[in-house]
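This report refers to the structure that appears directly beneath it.
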Amino acid sequence: MARVVVDVMLKPEILDPQGQAIARKLPQLGFAGVSAVRQGKRFEVELDGPADEAALDQVRTIAETLLANPVVESYEVRVL
Amino acid sequence: MSEQRPDVSGPDRKSRRRRDEPSLEWLEDLKSDEGDPELAPVDPAVTEAFGAIVEEGDAALRRASSPPVPAAAPEPAGEATPEATPTPPPAPGLAPADADADFVRALAEEGALPGLVVGVAESGEQPAVTGTGPQPVVPGENTGPQPAVTGNTGPQPAVPGGTGPQPAVTGGTGPLPAVTGGTGPLPAVTGGTGPQPAVPGTGPQPVVPGGTGPQAVVPGGTGPQPAVSGGTGPQPAVPGGTGPQPAVTGGTGPQAVVPDETGPQPAVTGGTGPQPAVPGGTGPQPAVPGGTGPQAVVPGGTGPQAVVPGNTGPQAVVTGNTGPQPAVAEDGAEPAGTGEQPAVAAAPEVVTDTVDAARRTPDRPQPYAELGMKDDEYQRVREILGRRPTSAELAIYSVMWSEHCSYKSSKVHLRQFAEKAPQTDALLVGMGENAGVVDVGQGWAVTFKVESHNHPSYVEPYQGAATGVGGIVRDIMAMGARPVAVMDSLRFGPADAPDTQRVLPGVVAGVGGYGNSLGLPNIGGETVFDACYAQNPLVNALCVGIMRHDEIQRAAAPGPGNKVILFGAGTGPDGIGGASVLASATFDDASQAKRPSVQVGDPFLEKVLIECCQELFAEDLVVGVQDLGAAGVSCATTELAAAGTGGMAVDLDTVPLRDATLLPEEILMSESQERMMAVVEPAKVERFLEICARWEIPATVIGEVTDTGRLVMTWRGETIVDIPPGTAADEGPVYERPAAPPADLGALQSNTPGQLTRPSNGDELRRTVLWLAGSPNLASKTWITSQYDRYVLGNTVQAMPENAGIVRIDPDTGLGVALSLDGNGRYARLDPYSGAQLALSEAYRNVAATGARPLAVTNCLNFGSPEDPGVMWQFAQAAEGLADACQYLGTPVTGGNVSFYNQTGSTPINPTPVIGVLGVHDDVRRRVNMSFTSDGATLALLGETREEFGGSEWAHVVYGHLGGLPPKVDLAAERALASVLVAAARDGLLTAAHDLSDGGLSQALVESCLRGGLGASITLPGDAFVTLFSESVARAVVAIRPGGEARVAALCEQFGVPVTQLGVVGGDELRVTGRTAEGETGELFAIPLSELRETHERMLPSYTS
Amino acid sequence: MDAARVGVITFPGSLDDRDAARAVRLAGAEPVALWHADDDLRGVDAVVLPGGFSYGDYLRAGAIARFAPLMEKLVDAARGGLPVLGICNGFQVLCEAHLLPGALLPNAGLHFVCRDQRLRVDDADTAWTRDYTAGQEIVVPIKNRDGRYVADPDTLAELEGEGRVVARYLDLNPNGSLNDIAGVRNEAGNVVGLMPHPEHAVESLTGPSTDGLGFFTSIVKRLVEA
């Protein structure tokens, strides 16, 4: 029973006010040295079988079709 | 529903999971400490000394019976010298034969605690302190261990982190303050000191001898705790990660649940009574000696259990995957041999506390105190049932009889609402149901109610507020109504306080997030800032719904044979025990440990539930319905059963669960959101389930109505609940708590605002107008209210910041309702009887100002602890004041909510009754708003102004003053004013009307000018300051439609309302002429609207992108 | 002559469906309630995708509704020229379904915003905006959390170059939308997406104006003429 992670992030050129709000907050909380934060989503997909190439392909399709909006987001798939 | 509480179960429920692996793999984990995540948080040095510690624990246990001797007092030196005569300390190394010193030395010798050296003088060590009373706080960092404190010094102040181990505290000193993390192990506490506070991250603690009572929770990461000797009573739960715990000796009573990952537990000696369940993953448990009675079930994954000696009575079933069990010996003989299986139940059965078991084991001790029940309440349950309750029954009674669900402290006072209820045909459903219902004419009925969700909103502002909205909306749904609008009354600490900046945005986002997603417009409310709410924010949410007269539903279960259906979200571990435990407690340090998750709401599911219910009601599929709020299934079943034919049979196995490991007690107490319960005739069940399926809402038949007069519940085929439901739902305890005016009330009332310096000229008056308009309570709340959808459903005629929110019910006739939600904690603090009446007066006045006829009342009574006689007195006074005023005005209380325990420590919030008034517009097109939009309209002041500043915004904002008496109540004048306003609106005589309340005439003029975008030229009658800022009741400022002046004057004469010409609408300034106290007359000041707007909108940011 | 029939699709979580129906009725057409799980558009002449929180906005606003069975039929019909108006959540669904370019992201201010918003109608030629004149300024409520319109530079250039921006924010951009874009249309002009809620500006009693009615009277006229 394999687990695959899909990380979805806004494309770099898209403004991320949530990430900016977080980055602004950090110095107020006493954390220095952080120049930027971008916020994304992480999906954990549990497969019935092993994470072979066919399964990973399917996960990539799932990512493209549903988990990410390809207009503004990009994704990465990796096996846990 | 009542207020929902956060999950307070000590162990993290999420960590209870079933092991899927075969039984003996845990052994591999346990053998090696390396990489064991449970030991990671502990200082590795301590981990290495684990073996020594366990041995020392045993040794300490053996020595615990010897009389303790005060520990060595280190040499005096360093900072924060307490005021005491130092006694000459014994030389280091000559420490007395004392458990703690040995123990600490053992640690030191093991090198377990770097930096710890016993008996060596370090800078900062303090001389011994005897009999001098509490010592001052020892400042942080590196002051080193503190000297011994001998008897009768009383509780000691907190020792901050980094001070290292503390010396012994001898008996008679009472509980010690919390020790912050990093201080290392504490010395032994001798008997008689009472319970010790929680010790965070300090490493293993020394032995606690008998007589100290239960010890505080040990937070995770502290490593194994030393033995607790007999007589200390049950010990609190040990959270995960602390490793195996030492033996508990006899006489301590049952011990709390041991959470996962603690490893094997030591032996329990005889006389301790049955021990609670050991959850999976803890490994084999040691032998239970004779005389302890039957032990709870050992779940799978724990490995073989030790021999059970004779005389323990039948043992619980051992579930699968535990491996071979030794035989039960009759006489202590050797077990039959490893590998041999005695009779072990095949299926993973959980041994439940059944009714039969309860009959057979009448003397089994039960944790009713931990569930918040008192001794006499527990005895009463035993009398009702004629036996001890099962644990499921105990769960039901404890939660249904909690303050929160049973209103035991408030019932005697709330009775007045029914006793003094004014006669009115408009009341279709009175108090006692989920919400009251009033007839608004044309065959329409309206239901409305306000409820609190205060404590959860402090813990988790977003979810606390969100689930508060969710809960009140479900109450309205349960009456058969379609919810059509919400309102919220919010109170926070000072606007600039850091914690307010934590709580406020979360609460507002939660109210908006849930209400907007449900598609309910937010049409009004209030936001108030006051220091007394700093750690006790108030979140009171109101919902209003509409239905036709014949669509009203009741929360009753009539008709034996009808089915009981639970529908909505699945049931999970949300808020288990919360209802009875946290709701009836105040916030203190220990509540930090109760911080974990509040219930998380799913507004999408509730929106779908609304639509589903509407279809179910429309097809007449339901004979009784109840929403699930506090006390979940317990409450819904007991209340439905009690209100119907009195009997119900429920099979708890059928309850759809989100978490399959829930025990039946937990299912009963779960406060999972978005659930409803319906009673359905058998022939209609299929259609009911079909509609739920269409909306993709889980729905399950969980039981049926009977005529036995008993609520009977089964679990795994056995009966675990068999009670008369009315005893839980209706016959809770009724307290008549002592009540007496707060000790400081006399002084407070004597401290009148009369001596406060008043503005004496035009400039000072001008400055005061602006000062008030920009102050937190009077400033614009657009930043908040623009986060709420006011338009959805398309029937919002008026919303904030208007006097009242107005929704249209019937687009053809224009029938609609107006609602206002108001409170004033400062008035009530000065005089709770008047304060409650003043809050009612304000809401009543606000509704009438729009032209609506006030009809009915809902209330949310927010008070401190009812155990404080001063608070109880305030409550009694407020309830009486409200009941009397409602009776006089002819507007009955239709329902409401009480929230007690709003206090941190011993200081309660100001008594804060929040009152909602509902009024009717026969035609909403005739409503009057507060905007000055008609250039040239005459402005008139209705009502009488007196010199009244007690509790006023002026005194509060300018001087921080609270004292004297609040404005005098005048209900006759309120009624007269309302009559004028309603008649004038009906006849179209007014272009604007604004009631006067906080901030008096000044604030009313500011708000109306800004809202309409037109200024005004005003000539103030009487003393300018008094006329501008007094907060006398029963007053309004109106803009009269040109030509209507004579008729308005006639109405005022008819109803006996004093009327004074004030000025005229127009221009772009607020220009004021009048007479100062010194007698000067003339133009006092002029403020451009732009300046007013900038000041008024500055405090909370206006929304900008 | 039979009244024009305008379908309004209800997804689980749709909130302004009834209000859209009311606006259709006020404009003189017959609203037809359509259910997301059906596979039949019931022969309507135009479709409105209303505002709300379909599927709770889970995953992303409109991301799940876009896969509803009825959406398949709708996409086909739209490509065939059926007039479609997506309001707020409806706009989000249309973008997710790629019937319109770009995407809607969380408001730049990170808060839900409800305000009476001044707009300028930039394209008065679509089936939904013919009753306005180009450049007309109107006041319509906007109320949403994820209203920031974004598109890549090429797409933006295309939209602007082809005059496919239907409406723009005036005075104040409430959500950070690129180029102050409040609404766009597809190439053919039959599909329009709009963030503000015209259905809440159709009665002076309950809205800031009646400026929103034009979106609905436009389609009625167009259908009646057709």
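The values are calculated or read from the model by the stated rules, or taken from the named source; none is laboratory data. None of these values were measured; they are calculated from a predicted model. Cβ placement follows ideal geometry from the backbone for every residue including glycine, while neighbour counts extend to all protein chains displayed. Each accessible area value is taken on the protein alone, full model and side chains, heavy atoms only, with ligands, DNA and RNA left out. Shrake-Rupley method; radii C 1.70, N 1.55, O 1.52, S 1.80 Å.
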Residues being open to solvent by 100 Å² or more (accessible area, probe 1.4 Å) and closer than 26 Å to residue C:147 by Cα - total across the stretch A:1-24: 3
Residue identified as open to solvent by 30 Å² or more (accessible area, probe 1.4 Å) and within 14 Å of chain B (Cβ to nearest Cβ) among C:144, C:179: C:179
Answer from B:450, B:446 - the residue that is farther than 21 Å from residue B:900 by Cβ, β-branched (Val, Ile, Thr) and open to solvent by less than 10 Å² (accessible area, probe 1.4 Å): B:446
Complete set of residues in the stretch B:1054-1105 that are open to solvent by 60 Å² or more (accessible area, probe 1.4 Å), of a type in the set (Ser, Thr, Tyr) and at pLDDT below 95: B:1081, B:1104, B:1105
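I'm checking my understanding of the structure. Among residues of the stretch B:800-815 that are surrounded by fewer than 23 Cβ atoms within 10 Å (Cβ to Cβ) and touching a residue at least 40 places away in the same chain (Cβ under 8 Å), which one is farthest from residue B:492 (Cα to Cα)?
Start the filter on the stretch B:800-815 by keeping residues that are surrounded by fewer than 23 Cβ atoms within 10 Å (Cβ to Cβ), which leaves B:800-801, B:809-815.
Filter once more, so that each one left must be touching a residue at least 40 places away in the same chain (Cβ under 8 Å): B:800-801, B:809-810, B:813-815.
On the way: B:800: 19, B:801: 19, B:809: 33, B:810: 37, B:813: 41, B:814: 37, B:815: 36 Å.
Taking the candidates together, the pick is B:813.
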Qualifying residue in the stretch B:920-935 (condition: in contact with a Gly (Cβ under 7 Å, 6 or more places away or on another chain) and farther than 22 Å from residue B:802 by Cβ): no
Qualifying residue in the stretch C:151-167 (condition: assigned to a loop (DSSP other than H, G, I, E, B), in contact with a helix residue (DSSP H, G or I) (Cβ under 6 Å, 6 or more places away or on another chain) and basic (Lys, Arg)): no
Near pairs, Cβ below 6 angstrom, 6+ apart or cross-chain, from the stretch B:534-559 (acidic (Asp, Glu)) to any residue that is crowded, with 24+ Cβ neighbours inside 10 Å: B:551/B:480
Identity of the residue in the stretch B:474-508, under 22 Å from residue B:619 (Cβ atoms) and in a loop (DSSP other than H, G, I, E, B), that ends up nearest to the other protein chains (Cβ to nearest Cβ): B:481
Of all residues making up the stretch C:1-25, the number that are open to solvent by less than 10 Å² (accessible area, probe 1.4 Å) and hydroxyl-bearing (Ser, Thr, Tyr): 1
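Per-residue answers, yes or no, for (1) buried (at least 24 other Cβ atoms within 10 Å of the Cβ); (2) touching a residue at least 24 places away in the same chain (Cβ under 8 Å):
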| position | (1), (2) |
| --- | --- |
| B:368 | no, yes |
| B:380 | no, yes |
| B:383 | no, no |
| B:401 | yes, yes |
| B:424 | no, yes |
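Being at pLDDT below 95, surrounded by 24 or more Cβ atoms within 10 Å (Cβ to Cβ) and not hydroxyl-bearing (Ser, Thr, Tyr) narrows it down to one residue among B:541, B:569, B:557; which is it? Please lay out each step first, then the result.
Values: B:541 fails: at pLDDT below 95; B:569 fails: surrounded by 24 or more Cβ atoms within 10 Å (Cβ to Cβ).
None of the other options fit; the residue is B:557.
Does residue A:15 count as within 14 Å of chain C (Cβ to nearest Cβ) and free of Cβ contacts under 8 Å to residues at least 60 places away in the same chain? If you could, list the steps in order and put the result at the bottom.
Details: within 14 Å of chain C (Cβ to nearest Cβ): yes; free of Cβ contacts under 8 Å to residues at least 60 places away in the same chain: yes.
So residue A:15 fits the description; yes.
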Selection within the stretch A:1-57 - part of a strand (DSSP E or B) and among the aromatic types (Phe, Trp, Tyr): A:43
Residue selected from the stretch A:40-56 under the condition within 14 Å of another protein chain (Cβ to nearest Cβ) and surrounded by 15 or more Cβ atoms within 10 Å (Cβ to Cβ), by the criterion farthest from residue C:111 (Cα to Cα): A:45
Residue identified as more than 15 Å from residue B:434 (Cα to Cα), in contact with a Leu (Cβ under 7 Å, 6 or more places away or on another chain) and charged (D, E, K, R) among B:687, B:675: B:687
Members of the stretch A:57-80 found to be out of contact with any Cys (no Cβ under 9 Å at 6 or more places or on another chain) and without any contact (Cβ under 8 Å) to a residue 24 or more places away in the chain, listed by number: A:57, A:58, A:60, A:61, A:64, A:65, A:66, A:70
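Of the residues B:511, B:539, B:544, which is under 25 Å from the mean Cα position of the chain (by Cα) and within 14 Å of another protein chain (Cβ to nearest Cβ)?
Working: B:539 fails: within 14 Å of another protein chain (Cβ to nearest Cβ); B:544 fails: within 14 Å of another protein chain (Cβ to nearest Cβ).
So the residue among B:511, B:539, B:544 that is under 25 Å from the mean Cα position of the chain (by Cα) and within 14 Å of another protein chain (Cβ to nearest Cβ) is B:511.
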Where residue C:143 falls short, out of the listed (1) closer than 25 Å to residue C:221 by Cβ; (2) not in a loop (DSSP other than H, G, I, E, B): (1)
Total residues in the stretch B:765-783, condition closer than 12 Å to residue B:1097 by Cβ and either part of a helix (DSSP H, G or I) or open to solvent by 20 Å² or more (accessible area, probe 1.4 Å) (or both): 5
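Between C:82, C:99, C:105, which is farther than 19 Å from residue B:788 by Cβ, under 13 Å from the mean Cα position of the chain (by Cα) and surrounded by 17 or more Cβ atoms within 10 Å (Cβ to Cβ)?
C:99
For the condition on the phi > 0 side of the Ramachandran plot, surrounded by fewer than 19 Cβ atoms within 10 Å (Cβ to Cβ) and more than 9 Å from every other protein chain (Cβ to nearest Cβ), what is the one hit in C:116, C:171? Before you say what the answer is, go through the steps one by one.
On the way: C:116 fails: on the phi > 0 side of the Ramachandran plot.
The unique qualifying residue is C:171.
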Those residues of the stretch C:21-31 which are more than 9 Å from chain B (Cβ to nearest Cβ) and part of a helix (DSSP H, G or I), in sequence order: C:21, C:24, C:25, C:26
Lone unmet requirement of (1) within 22 Å of residue C:21 (Cβ to Cβ); (2) surrounded by 24 or more Cβ atoms within 10 Å (Cβ to Cβ); (3) more than 10 Å from chain B (Cβ to nearest Cβ); (4) not basic (Lys, Arg) for residue C:184: (1)
Which listed residue is within 28 Å of residue C:45 (Cα to Cα), more than 11 Å from chain B (Cβ to nearest Cβ), open to solvent by less than 40 Å² (accessible area, probe 1.4 Å) and touching a Phe, Trp or Tyr at 6+ places or on another chain (Cβ under 6 Å), from C:163, C:214, C:189: C:214
Matching option when the condition is farther than 30 Å from residue C:93 by Cβ and of a type in the set (Lys, Arg), among A:42, A:78: A:78
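Quick one: would you say residue B:834 is open to solvent by 10 Å² or more (accessible area, probe 1.4 Å) and either out of contact with any Lys or Arg (no Cβ under 7 Å at 6 or more places or on another chain) or hydroxyl-bearing (Ser, Thr, Tyr) (or both)? It would help to see each step written out before you state the result.
Numbers: open to solvent by 10 Å² or more (accessible area, probe 1.4 Å): yes; either out of contact with any Lys or Arg (no Cβ under 7 Å at 6 or more places or on another chain) or hydroxyl-bearing (Ser, Thr, Tyr) (or both): yes.
Answer is yes for this residue.
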Residues within the stretch C:192-211 that are among the hydrophobic types (A, V, I, L, M, F, W, C) and either assigned to a loop (DSSP other than H, G, I, E, B) or open to solvent by 20 Å² or more (accessible area, probe 1.4 Å) (or both), tallied: 4
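Filter the stretch C:36-69 for residues that are hydrophobic (A, V, I, L, M, F, W, C) and facing chain B (nearest Cβ under 9 Å); which is surrounded by the most Cβ atoms within 10 Å (Cβ to Cβ)? If you could, list the steps in order and put the result at the bottom.
At the first step, the residues of the stretch C:36-69 found to be hydrophobic (A, V, I, L, M, F, W, C) are C:37, C:41, C:44, C:46-49, C:53, C:59, C:61, C:63-65, C:67-68.
Narrowing further to those that are facing chain B (nearest Cβ under 9 Å): C:37, C:53.
Working: C:37: 12, C:53: 28.
Once the filter is applied, the top-ranked residue is C:53.
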